[in-house]
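The values are calculated or read from the model by the stated rules, or taken from the named source; none is laboratory data. These numbers were taken from a predicted model, which means no experiment stands behind them. These accessible areas exclude ligands, DNA and RNA; they are computed on the full protein's heavy atoms, side chains included. Shrake-Rupley method; radii C 1.70, N 1.55, O 1.52, S 1.80 Å.
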Amino acid sequence: QVQLVESGGGLVQAGGSLRLSCVVSGRTFSSYTMGWFRRAPGKEREFVAAISQSGGNTNYADSVKGRFTISRDDAKNTVYLQMNSLKPEDTAVYYCAGRRYPAPTPQGQWYDSWGQGTQVTVSS
């Protein structure tokens, strides 16, 4: 089992940017499809973005397309989420997750490794 540790959250004004990072322990990072999810207060967890093992396939929620970019650096065992043009409705705890299958699925139940989350707050 791998461990995932997110960082990069914080408070930002609407229209601003943040970059989240998720470092994955272990030597098998390249075999993991990685995803980002978020949970806003009082809401269900929702899919944000995912990237395949190879990095060649990505998947985004409609609400973040064109604003967020997911990427990975296998040499650093790290997956990133670059978030631009942030909106107050992006406020949530953001979680990274991993699965040892190739498809960047938006279904959270198919990810078996999760981080503890990092808070992102966007002020209006």
³J(HN,Hα), Karplus 6.51/-1.76/1.60, whole Hz, each residue of the range 70-82, x for Gly, Pro: 9, 8, 9, 10, 5, 5, 10, 6, 10, 10, 10, 9, 7
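Using a 1.4 Å probe, what is the accessible area per residue for the range 54-124, in Å²?
Values: 3650 Å² over 71 residues.
For the range 54-124, the per-residue accessible area is 51 Å².
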Taking max minus min of the Cα coordinates of the range 83-124 on each principal axis, largest first, gives extents in Å of 38, 19, 14
Fraction of accessible area attributable to carbon and sulfur, the range 15-61 (%, probe 1.4 Å): 43
Please grab the % of Cα pairs in the chain that end up more than 20 Å from each other. 35
Here the gain from full extension of Ser25 to Gln82, 0.36 nm per residue of separation minus their alpha-carbon distance, amounts to 18.4 nm
